[in-house]
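S.K.: I have a structure here, written as structure tokens, and I will follow up with some questions on it.
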Protein chains: 2
Amino acid sequence: MDGAPAKVRFREPQIEMAHGAGGKASRRLVEGLFVPLLYDPAGPAADRLGDAARLLIDGADLALTTDSFVVTPLRFPGGSIGELAVNGTVNDLAVSGATPIAIVASFLLEAGLPTPELEAEVRAMGEAARRTGVAIVGGDTKVVEHGKTDRMYITTTGIGRRMPGVTLSSSSVRPGDKVLVSGPVGDHGITILLARGELDLEAELRSDTRSVLPLVQAVSAVAAPGIRWMRDPTRGGVATSLNELALECGLAVHLEEEAVPVRNEVRGACELLGLDPLHIANEGQFLAVIAPEHAAAALDALRAAPGGAGAALIGEIREQPAAAVLATTRYGGSRIVDMLVGDPLPRIC
Amino acid sequence: MDGAPAKVRFREPQIEMAHGAGGKASRRLVEGLFVPLLYDPAGPAADRLGDAARLLIDGADLALTTDSFVVTPLRFPGGSIGELAVNGTVNDLAVSGATPIAIVASFLLEAGLPTPELEAEVRAMGEAARRTGVAIVGGDTKVVEHGKTDRMYITTTGIGRRMPGVTLSSSSVRPGDKVLVSGPVGDHGITILLARGELDLEAELRSDTRSVLPLVQAVSAVAAPGIRWMRDPTRGGVATSLNELALECGLAVHLEEEAVPVRNEVRGACELLGLDPLHIANEGQFLAVIAPEHAAAALDALRAAPGGAGAALIGEIREQPAAAVLATTRYGGSRIVDMLVGDPLPRIC
């Protein structure tokens, strides 16, 4: 219609589960198909397709993010789809350096869904929103025939105001910067796996779903000018988020494997299943790259904040190997940590 | 968790197709369950759950709207789900008196979806966005197992800047105001019905899907202070939108039935099926209530704008019967026009 050249490089014949898993396949789909067809560099709000877009409108400095939630089962120890749908969008804004203001929610419901199931999730959304101080200001509901969706899917979109003094960009990351994580990794993914009951495994584990906004605020209160980059390592886990960072900035992320907090239950399940905890999804943690002179203050502030006691310094940025993530193991060896490949744990959020 | 009293009045035991049809059942679900559980009158952006919420952020006067699209089939004469997903959100902003700025899109894809089907819809979205001058600035993709969705569902959320000088509110509507429609009604719904091939009916009909923004701008250029209310009559049709207006303002909408533009193909299909064209969904039309002294200028501007030749003055606001829509038939009789009840045409958008 308008002659915009669209160079679609995505060559796979059909969509597979892995294209929604947040790892390498997702990246190929986004970069190879969505970006060339949708992204308009001459558009009024030129920004890269990402988790939160920056919008400058009439002097307001805003962030906008959207996410669909398809987790199964709907309820699991520590949370539920409704709570995830609010916290996930709040967290995408928070790690973009924005304070959430408002959320709109769209529901895809299956005909025949018992009302109490819907009510429980809508209630969970309202409660999560009020805990964070974000308003749910609009929505939409579509109902499809029984069997054309899996009980319910929820899409939330959040708008936030960017925090003054916080400027995040992977291109600002420098060798010597420190990598922090807000708490133990892998709780959410392994909790969902266990909740499905397909494994003969039991563990006292709960999803980590929560708003990370108070923790982000604690860091920015003491180290705002030193925060280079933040990300919530959901689908694809810590490994995928850090690989994306490494690719974007062209530097190396060196992780000290033993410094990464992982609960025994998560480590045990991963060993049994041949999974790497660094690939497991989190819903209430975030990664931050902090300038070296601000790192100690940022870590102290995180640990002193409610829910931040498990925060840790897990690595640093170096020059080499370029655009890669390297983990130093407890025995002194090192290994390249790749992005998630395939989808070992589908429909985790 | 936080003790907010939530008075859920929705008592139906399960969700039915009609709860997503945009008519009476949808209203019961929204008013009885979503609003009490989600809407926080003390929230930072207090507004009623609706198609577009108004947000005032740092001096910017914004509108935010979200919609999921589940239309089947994905492609139909005149349009496709991707085009609807952009135009529908653009139109929700336009009839809220806002100029669209940016859209984020979330895709729910079925594993096994052929890539060309996805590419066609993403391309349609990019083209529709560029035609309107709105940027697609972010997104999300989830993939679920084959059979857990119907090929693809798309959720779009749009943000817009409210047009200066345009203040819309059902409470500003007064007896004597005129009701305009931008063109013939029912094209979209009947096109989808025919495209499904379940009826032994053929007609040269196309969906009316388009951006109504240029038409809204044409009206506001000549009659901004006179525009009281606008709405795009999608699910539930003209009858449902006008009933919502009547309920909100407590006045009567008197329609001159013969003045409502309806194509012969739509009228014929409706007569065969026992449907009222006023209940059929539209995707490229809007209703406007205009102060009497601005109505002629508004209608002239609409008719002079590209795509507006079919616009018509179809009725006026009166005092009685309160909170109702009345249609005067061509034989001089009159009938009460109710909201859509049930869902004669599911998954129309």
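S.K.: What about A:Lys178, is it of a type in the set (Lys, Arg) and within 28 Å of A:Gly310 (Cβ to Cβ)?
M.R.: Criteria met by A:Lys178.
S.K.: Which residues, counting only those in region A:16-35, are buried (at least 20 other Cβ atoms within 10 Å of the Cβ) and within 11 Å of B:Glu119 (Cα to Cα)?
M.R.: Within region A:16-35, A:Leu29, A:Leu33, A:Phe34 meet the criteria.
S.K.: Consider A:Leu37 carefully, then state whether it is among the hydrophobic types (A, V, I, L, M, F, W, C) and farther than 19 Å from A:Arg231 by Cβ.
M.R.: Yes, satisfied.
S.K.: Can you tell me which of (1) among the hydrophobic types (A, V, I, L, M, F, W, C); (2) over 29 Å from A:Glu244 (Cα atoms); (3) buried (at least 24 other Cβ atoms within 10 Å of the Cβ) is the one A:Ala111 doesn't meet?
M.R.: Tallying (1) among the hydrophobic types (A, V, I, L, M, F, W, C); (2) over 29 Å from A:Glu244 (Cα atoms); (3) buried (at least 24 other Cβ atoms within 10 Å of the Cβ), A:Ala111 fails exactly one: (3).
S.K.: On the given criteria, is A:Leu326 at pLDDT 95 or above, open to solvent by less than 60 Å² (accessible area, probe 1.4 Å) and assigned to a helix (DSSP H, G or I)?
M.R.: So A:Leu326 fails the test.
S.K.: Please verify whether region A:212-230 includes one or more residues that are under 24 Å from A:Gly22 (Cα atoms) and among the hydroxyl-bearing types (Ser, Thr, Tyr).
M.R.: Looking through region A:212-230, none of the residues is under 24 Å from A:Gly22 (Cα atoms) and among the hydroxyl-bearing types (Ser, Thr, Tyr).
S.K.: Name the one entry in B:Ser96, B:Ser68 that is polar (S, T, N, Q) and under 30 Å from B:Glu198 (Cβ atoms).
M.R.: The unique qualifying residue is B:Ser68.
S.K.: Which one is nearest to the other protein chains (Cβ to nearest Cβ) among residues in region B:141-156 that are touching a helix residue (DSSP H, G or I) at 6+ places or on another chain (Cβ under 7 Å) and open to solvent by less than 20 Å² (accessible area, probe 1.4 Å)?
M.R.: Result: B:Val143.
S.K.: Given the options B:Gly176, B:Gly138, B:Gly133, name the one that is open to solvent by 10 Å² or more (accessible area, probe 1.4 Å) and either among the acidic types (Asp, Glu) or facing another protein chain (nearest Cβ under 9 Å) (or both).
M.R.: None of the other options fit; the residue is B:Gly133.
S.K.: Residues in region B:92-113 that are farther than 18 Å from B:Val71 by Cβ and within 7 Å of another protein chain (Cβ to nearest Cβ): how many?
M.R.: 5
S.K.: Residues A:Thr234, A:Thr191: which one is among the hydroxyl-bearing types (Ser, Thr, Tyr), open to solvent by less than 40 Å² (accessible area, probe 1.4 Å) and within 16 Å of the chain's Cα centre (by Cα)?
M.R.: Being among the hydroxyl-bearing types (Ser, Thr, Tyr), open to solvent by less than 40 Å² (accessible area, probe 1.4 Å) and within 16 Å of the chain's Cα centre (by Cα) holds for just one of A:Thr234, A:Thr191, which is A:Thr234.
S.K.: Ok, one more. Name the residues in region B:57-85 that are closer than 27 Å to B:Ser169 by Cβ and open to solvent by less than 10 Å² (accessible area, probe 1.4 Å), would you?
M.R.: B:Ile57, B:Ala60, B:Leu62, B:Ala63, B:Leu64, B:Thr65, B:Thr66, B:Ser68, listed by residue number.
S.K.: Follow-up question, since we're still on this one. Out of all the residues in region A:252-274, which are more than 21 Å from the chain's Cα centre (by Cα), of a type outside the set (Gly, Ala, Ser) and either within 26 Å of A:Ala309 (Cα to Cα) or open to solvent by less than 30 Å² (accessible area, probe 1.4 Å) (or both)?
M.R.: A:Glu256, A:Glu258, A:Asn264, A:Glu265, A:Glu271
S.K.: Still on this model: Tell me whether region A:194-207 contains one or more residues that are of a type in the set (A, V, I, L, M), crowded, with 18+ Cβ neighbours inside 10 Å and touching a Gly at 6+ places or on another chain (Cβ under 7 Å).
M.R.: Taking every residue of region A:194-207 in turn, none turns out to be of a type in the set (A, V, I, L, M), crowded, with 18+ Cβ neighbours inside 10 Å and touching a Gly at 6+ places or on another chain (Cβ under 7 Å).
S.K.: Inspect all residues belonging to region A:157-164 and state whether any of them is more than 22 Å from the chain's Cα centre (by Cα), modelled with pLDDT of 95 or more, among the basic types (Lys, Arg) and open to solvent by 10 Å² or more (accessible area, probe 1.4 Å).
M.R.: Scanning region A:157-164 turns up no residue that is more than 22 Å from the chain's Cα centre (by Cα), modelled with pLDDT of 95 or more, among the basic types (Lys, Arg) and open to solvent by 10 Å² or more (accessible area, probe 1.4 Å).
S.K.: What is the one condition in (1) open to solvent by 20 Å² or more (accessible area, probe 1.4 Å); (2) under 23 Å from B:Ser334 (Cβ atoms) that B:Leu245 does not satisfy?
M.R.: Going through (1) open to solvent by 20 Å² or more (accessible area, probe 1.4 Å); (2) under 23 Å from B:Ser334 (Cβ atoms) one by one, B:Leu245 breaks only (1).
S.K.: Only one residue in B:Ser80, B:Ser96, B:Ser170 is over 30 Å from B:Ala291 (Cα atoms) and among the hydroxyl-bearing types (Ser, Thr, Tyr). Which one?
M.R.: B:Ser80
S.K.: Within region B:116-129, count every residue that is within 7 Å of chain A (Cβ to nearest Cβ), open to solvent by 10 Å² or more (accessible area, probe 1.4 Å) and in contact with a strand residue (DSSP E or B) (Cβ under 9 Å, 6 or more places away or on another chain).
M.R.: 0
S.K.: Further question: Yes or no: region A:261-281 includes at least one residue that is without any contact (Cβ under 8 Å) to a residue 60 or more places away in the chain and among the acidic types (Asp, Glu).
M.R.: So far as region A:261-281 goes, yes, one or more of its residues are without any contact (Cβ under 8 Å) to a residue 60 or more places away in the chain and among the acidic types (Asp, Glu).
The values are calculated or read from the model by the stated rules, or taken from the named source; none is laboratory data. For clarity, every value in this text was computed on a predicted model and none was experimentally measured. Cβ sites come from the backbone with ideal geometry, for glycine too, and all protein chains shown count toward neighbours. Quick note on the areas: whole protein, heavy atoms, side chains included, nothing else; ligands and nucleic acids left out. Shrake-Rupley method; radii C 1.70, N 1.55, O 1.52, S 1.80 Å.
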